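Participant: Please read through the structure below; I'll follow up with questions.
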Amino acid sequence: MAETVTIEKIYQWLEEVKDPEIPVLSLLDLGVITNVSIGDKVKIEMTPTFVGCPAIDYMKNDIVDTLKKHGQEAEVEVTFRKPWSSDCISEKGKAALKKYGLAPPPDNKLFTDLEILENAECPRCSQTNTELKNPFGPTLCRAIYYCNNCKEAFEQFKPV
Amino acid sequence: MNQEAIKELLYKMADDQLILGHRNSEWTGFGPLLEEDIAFSSMAQDKVGHSLALYTILNDLGEQDPDTIAFTRNADQFHNTVLTELPNAEYDFSLIRHFLYDTAEALRFEMLSHSSFEPLALVATKVRGELRYHTMHANTWVKQLGAATEESIGRLQQSLELALPYALGIFEPSPYESDLIKEAIFEGEKALEEKWKKKVEEVIAQTQLHLPKWETIAPHYGGRTGKHTEYLQPLLDEMSEVFKIDPTAEW
Amino acid sequence: MYGGGNTFEGIKSDELTGEDPIKLAEFEARIERGEKIEPSDWMPKLYRKQLIRMIEQHAHSEIIGALPEGTWITRAPGFKRKMALMAKVQDEVGHGQLLYSAAETLGKSREEMIDDLINGKSKYSNIFNYPTFTWADCCFISWLVDAGAIVNQLANAKGSYGPYCRALDRICAEESFHLKYGHHCVIYLASGTQTQRDMFQEALNRWWPPMMHFFGPSDKISVHTEILMKWKVKMGTNDDMRNQFLDMYVPKIWELGFTIPDPNLKKNTETGRWEYTEPDWEEFKRVINGDGPCNKERLEVRRIAEERGRWVREALRTPKTAYVTPLA
Ligand SMILES: [Fe+2]
Ligand SMILES: [Fe+2]
Ligand SMILES: [Zn+2]
């Protein structure tokens, strides 16, 4: 192992690993990296957004490949010890999602029933004159809304 | 902790998830509207993912790896409740099954999130959040279609009556019930069944559907001990068709 | 996924004469400057018509395209593949949903579009009229048909119509994930047993001709294509797209040790263009006009699904809750 490796360095490198389906969002901002430690080996713990997330293996490999590119061997463990919720997405991540055209999730603690889901903020016009059209979008983590103002559908990263 | 009891619990839950996930995925491309195609295939993905998480715990307890468990057993080695293996039939039956099953499932995972068996509690905590979307979906549709047109109400009513005996089969008593309760692993099928009945009553009351008296419904048991209908083996044959071309190959 | 073998309706010479020349000039200047046209902006009737046609064909291709792979979800070997394929096919249906809604912003309802799909008035990508006999066929689609679709969609994403481009941006990101998944599946077949290798080689032999058809016949340079390209509805010639695809993927196929069933396929190092046996365009026409191996089956599935789902859609017209209704 290179002597100079630090936890900070690793976090810096991890910033380069993006969500395979949302190229503007790093795994760190997505909040799926739950721990980084340096012992005999560099060990990274991560947790899936959804239990059935089909991208988890790809993310794992991307992490290993990226660190290897920086000359660092690493081991990635997937665990549910700190379960992911949409509140794990960083503020920076939420802003990136919005810019990308996906409405960021509202605060999960507020999500107790449908009412909250009824009016998402449109990522284009920032208005809430919107309707939930389908709580299940093209991927497990997204819902589909319609903005009455833009007259256009948009996807929301849903609160979980 | 009683390993046999835990394994029995895990197997029946995982098999339920896998088989119903498989059935749900058969709706991909055939839904009554695109939104429902997507909803059912989302739920299918979730369920298959949940089954994998549970098989992984079993693997950690010394059972075979998840692919081998899922893709090489025969019907009589499966512990899923019969409700999950029945063919999709028309949308009304699939919807009612989804409602009855997922209501139970959501409650089960909620209970298990407090389990003394930590690996299961961790998975359950995660899964229960996802299931909110499943039950929300089921409730919304049952309320909508159960109070819309004569045809939709009639269809749902018929499917409800057809599915209820099988739904009660979910709670088939387990030989390990008292061990599970004693060790605070799981509160037991009986407790789950009672909570489930309340929930079902609550939703059905908001529709024009009629719920028969519980005591008039004879539960269909057997799935938990490997007694299945003629529908399960063909499903498993299809599932393992490619896998069995060469089980030692990597796909 | 979506191919460029789409058909643009012939433009009648009088279709542009009714337009206000000042508005038209302004519209063209905006496109020239790279601005996006939005649903409530003025646009020539012809632009609207051709766009609806194109986006609609794209949407149909997504949902019909879900069928040949969809039948393998229940048979996918192992958890990893099963879950990824489920997710992929669901993405495709989701793309259909987003694209129908993009087309609806131009004034045609989803119901009308689906009706036109079922009655054969509007088309979808020709390649989905071929059967998936084995798991390897399914892998071919996931990797190479999606690869072809990406070539097209990346180009179209630079087009002029805002809602379509925005939908495509997100769709492309997902498609690149499909591509990775498909590529992995094929790598496993390539490095697996002889049976697995043979499976893929046979699939490649079956699918290569339709893959060459995928991008459509050489465009005849005509007034039509010129206008469509000026308006950034059509973003490149079919031959360019095909060439780009060959450039990117033929080496990758060779690298895995497979043979492409065309003895004349090679890159001309002087022109930088690929040379190949001219695809059988008669077959292409025959299939697009309904006489392919699976046309009837694909539409029949859609028709039955619509038929069996009618009572559900009728029940939704007595709405109590909004969110279960179809988009717009
Ligand atoms: Fe697609
Ligand atoms: Fe795709
Ligand atoms: Zn808006």
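The values are calculated or read from the model by the stated rules, or taken from the named source; none is laboratory data. As the structure is a computational prediction, the values presented were derived from the model and not from experiment. FYI the Cβ positions are ideal-geometry reconstructions off the backbone, even for glycines, and counts take in every protein chain you see.
Participant: Which condition from (1) of a type outside the set (D, E); (2) within 12 Å of another protein chain (Cβ to nearest Cβ); (3) away from ligand 3 (no atom under 16 Å from the Cβ) is the one that A:A120 breaks?
Facilitator: It is condition (3) that A:A120 fails.
Participant: Let me spell it out: the conditions are (1) at pLDDT 90 or above; (2) closer than 24 Å to B:A39 by Cα, and C:L265 meets all of them except one. Which number is the exception?
Facilitator: Result: C:L265 passes all but (2).
Participant: Here is a further query. From the residues in segment C:197-215 that are in contact (Cβ under 8 Å) with a residue 60 or more places away in the chain and surrounded by fewer than 20 Cβ atoms within 10 Å (Cβ to Cβ), which one is farthest from the chain's Cα centre (by Cα)?
Facilitator: Among them, the one singled out is C:R197.
Participant: When you check B:T68 against the structure, is it more than 20 Å from B:T135 (Cα to Cα) and among the β-branched types (V, I, T), yes or no? First the steps, then the outcome.
Facilitator: Details: more than 20 Å from B:T135 (Cα to Cα): yes; among the β-branched types (V, I, T): yes.
For B:T68, the condition - more than 20 Å from B:T135 (Cα to Cα) and among the β-branched types (V, I, T) - is met.
Participant: Residues that are of a type in the set (A, V, I, L, M) and in contact (Cβ under 8 Å) with a residue 12 or more places away in the chain: list the helices (runs of 4 or more DSSP H) wholly contained in segment B:136-251 that include at least 2 such residues. Don't jump to the end; show me each part of the working.
Facilitator: Details: elements: B:150-168, B:177-182, B:189-204, B:232-239.
So the answer is B:150-168, B:189-204, B:232-239.
Participant: Might you let me know whether segment C:163-176 holds any residue that is free of Cβ contacts under 8 Å to residues at least 24 places away in the same chain, part of a helix (DSSP H, G or I), of a type in the set (G, A, S) and within 22 Å of A:T139 (Cβ to Cβ)?
Facilitator: Yes: segment C:163-176 contains one or more residues that are free of Cβ contacts under 8 Å to residues at least 24 places away in the same chain, part of a helix (DSSP H, G or I), of a type in the set (G, A, S) and within 22 Å of A:T139 (Cβ to Cβ).
Participant: If a residue has to be of a type in the set (A, V, I, L, M), more than 9 Å from the chain's Cα centre (by Cα) and closer than 20 Å to B:A39 by Cα to count, how many in segment B:101-111 make the cut? Give the derivation first.
Facilitator: So in segment B:101-111, the residues of a type in the set (A, V, I, L, M) come out as B:104, B:106-107, B:111.
With more than 9 Å from the chain's Cα centre (by Cα) added as a condition, the list becomes B:106-107, B:111.
With the extra rule that they be closer than 20 Å to B:A39 by Cα, the set shrinks to B:106.
Of the residues in segment B:101-111, 1 are of a type in the set (A, V, I, L, M), more than 9 Å from the chain's Cα centre (by Cα) and closer than 20 Å to B:A39 by Cα.
Participant: Can you tell me which residue in segment C:66-92 is nearest to ligand 1 (Cβ to nearest atom), limited to those that are surrounded by fewer than 24 Cβ atoms within 10 Å (Cβ to Cβ) and β-branched (V, I, T)?
Facilitator: C:T71
Participant: Those residues that are within 14 Å of another protein chain (Cβ to nearest Cβ), surrounded by fewer than 18 Cβ atoms within 10 Å (Cβ to Cβ) and β-branched (V, I, T), I need them from segment A:1-47; list them, please.
Facilitator: Passing the criteria: only A:V24.
Participant: Another one. For a quick check of your reading of the model, give me the residue pairs whose first member lies in segment A:124-136 and is in the same structural domain as A:Y146 (by TED's automatic domain parsing), whose second is within 16 Å of ligand 2 (Cβ to nearest atom), with beta-carbon atoms closer than 6 Å and at least 6 apart or on different chains.
Facilitator: From residues that are in the same structural domain as A:Y146 (by TED's automatic domain parsing), the pairs are A:F136/B:I38.
Participant: Name the pairs: first residue in segment C:76-96 and more than 7 Å from chain A (Cβ to nearest Cβ), second residue among the basic types (K, R) and away from ligand 1 (no atom under 16 Å from the Cβ), Cβ to Cβ under 8 Å, at least 6 apart or on different chains?
Facilitator: C:A76/C:K82
Participant: Do we have any residue at all in segment B:63-70 that's touching a residue at least 40 places away in the same chain (Cβ under 8 Å), within 14 Å of chain C (Cβ to nearest Cβ), in contact with a Lys or Arg (Cβ under 8 Å, 6 or more places away or on another chain) and among the hydrophobic types (A, V, I, L, M, F, W, C)?
Facilitator: For segment B:63-70, residues touching a residue at least 40 places away in the same chain (Cβ under 8 Å), within 14 Å of chain C (Cβ to nearest Cβ), in contact with a Lys or Arg (Cβ under 8 Å, 6 or more places away or on another chain) and among the hydrophobic types (A, V, I, L, M, F, W, C): absent.
Participant: Residue by residue through segment C:185-195, note down the ones that are more than 14 Å from ligand 2 (Cβ to nearest atom) and buried (at least 20 other Cβ atoms within 10 Å of the Cβ).
Facilitator: C:V186, C:L189
Participant: Look through C:D115, C:D146 and report the one residue that is surrounded by fewer than 22 Cβ atoms within 10 Å (Cβ to Cβ), away from every other protein chain (no Cβ under 13 Å), assigned to a helix (DSSP H, G or I) and away from ligand 3 (no atom under 16 Å from the Cβ).
Facilitator: Values: C:D146 fails: surrounded by fewer than 22 Cβ atoms within 10 Å (Cβ to Cβ).
C:D115 is the lone residue from the list that is surrounded by fewer than 22 Cβ atoms within 10 Å (Cβ to Cβ), away from every other protein chain (no Cβ under 13 Å), assigned to a helix (DSSP H, G or I) and away from ligand 3 (no atom under 16 Å from the Cβ).
Participant: Checking C:I141 against (1) surrounded by 20 or more Cβ atoms within 10 Å (Cβ to Cβ); (2) without any contact (Cβ under 8 Å) to a residue 24 or more places away in the chain, which test does it fail?
Facilitator: The one condition C:I141 does not meet is (2).
Participant: Here is a follow-up. Output the residue which, of all residues in segment C:157-174 that are crowded, with 24+ Cβ neighbours inside 10 Å and within 15 Å of ligand 2 (Cβ to nearest atom), is farthest from C:I37 (Cα to Cα).
Facilitator: Selected residue: C:I171.
Participant: Tell me the residue from C:P39, C:P68 that is within 16 Å of ligand 2 (Cβ to nearest atom) and either away from chain A (no Cβ under 14 Å) or assigned to a loop (DSSP other than H, G, I, E, B) (or both), please.
Facilitator: C:P68
Participant: Among the residues of segment B:39-57, is any facing another protein chain (nearest Cβ under 8 Å), outside any helix (DSSP H, G or I) and either in contact with a Phe, Trp or Tyr (Cβ under 9 Å, 6 or more places away or on another chain) or buried (at least 23 other Cβ atoms within 10 Å of the Cβ) (or both)?
Facilitator: The answer is no, given that none of the residues of segment B:39-57 is facing another protein chain (nearest Cβ under 8 Å), outside any helix (DSSP H, G or I) and either in contact with a Phe, Trp or Tyr (Cβ under 9 Å, 6 or more places away or on another chain) or buried (at least 23 other Cβ atoms within 10 Å of the Cβ) (or both).
Participant: Regarding segment C:44-61, can at least one residue be identified that is part of a loop (DSSP other than H, G, I, E, B) and either at pLDDT below 95 or more than 16 Å from ligand 3 (Cβ to nearest atom) (or both)?
Facilitator: So far as segment C:44-61 goes, yes, one or more of its residues are part of a loop (DSSP other than H, G, I, E, B) and either at pLDDT below 95 or more than 16 Å from ligand 3 (Cβ to nearest atom) (or both).
Participant: Between a residue in segment A:88-106 that is outside the structural domain of A:F50 (by TED's automatic domain parsing) and part of a loop (DSSP other than H, G, I, E, B) and any residue that is among the acidic types (D, E) and modelled with pLDDT under 90, which pairs come within a Cβ distance under 6 Å, given they are 6 or more apart or on different chains?
Facilitator: Here the result reads none, with nothing in segment A:88-106 linked to a residue that is among the acidic types (D, E) and modelled with pLDDT under 90.
Participant: Looking at segment A:110-160, what strands (runs of 3 or more DSSP E) fall wholly within it and have at least 2 residues that are more than 16 Å from ligand 2 (Cβ to nearest atom) and at pLDDT below 85?
Facilitator: A:130-134
Participant: Here is a list: C:G159, C:G182. Which entry is outside any helix (DSSP H, G or I) and touching a helix residue (DSSP H, G or I) at 6+ places or on another chain (Cβ under 7 Å)?
Facilitator: Result: C:G159 is the single residue among C:G159, C:G182 that is outside any helix (DSSP H, G or I) and touching a helix residue (DSSP H, G or I) at 6+ places or on another chain (Cβ under 7 Å).
Participant: Mind listing whichever residues of segment C:99-147 are more than 13 Å from ligand 2 (Cβ to nearest atom), β-branched (V, I, T) and within 21 Å of C:V250 (Cα to Cα)?
Facilitator: Within segment C:99-147, no residue meets the criteria.
Participant: Could I ask something else about it? State the number of residues belonging to segment C:275-315 that are part of a helix (DSSP H, G or I), within 14 Å of chain B (Cβ to nearest Cβ) and in contact (Cβ under 8 Å) with a residue 40 or more places away in the chain.
Facilitator: Looking only at segment C:275-315, we keep the residues that are part of a helix (DSSP H, G or I), and these are C:281-291, C:295-308, C:310-315.
Of the ones still in play, those that are also within 14 Å of chain B (Cβ to nearest Cβ) are C:297-308, C:310-315.
Checking the rest, the ones that are also in contact (Cβ under 8 Å) with a residue 40 or more places away in the chain come to C:298-299, C:301-303, C:306.
Total meeting the criteria: 6.
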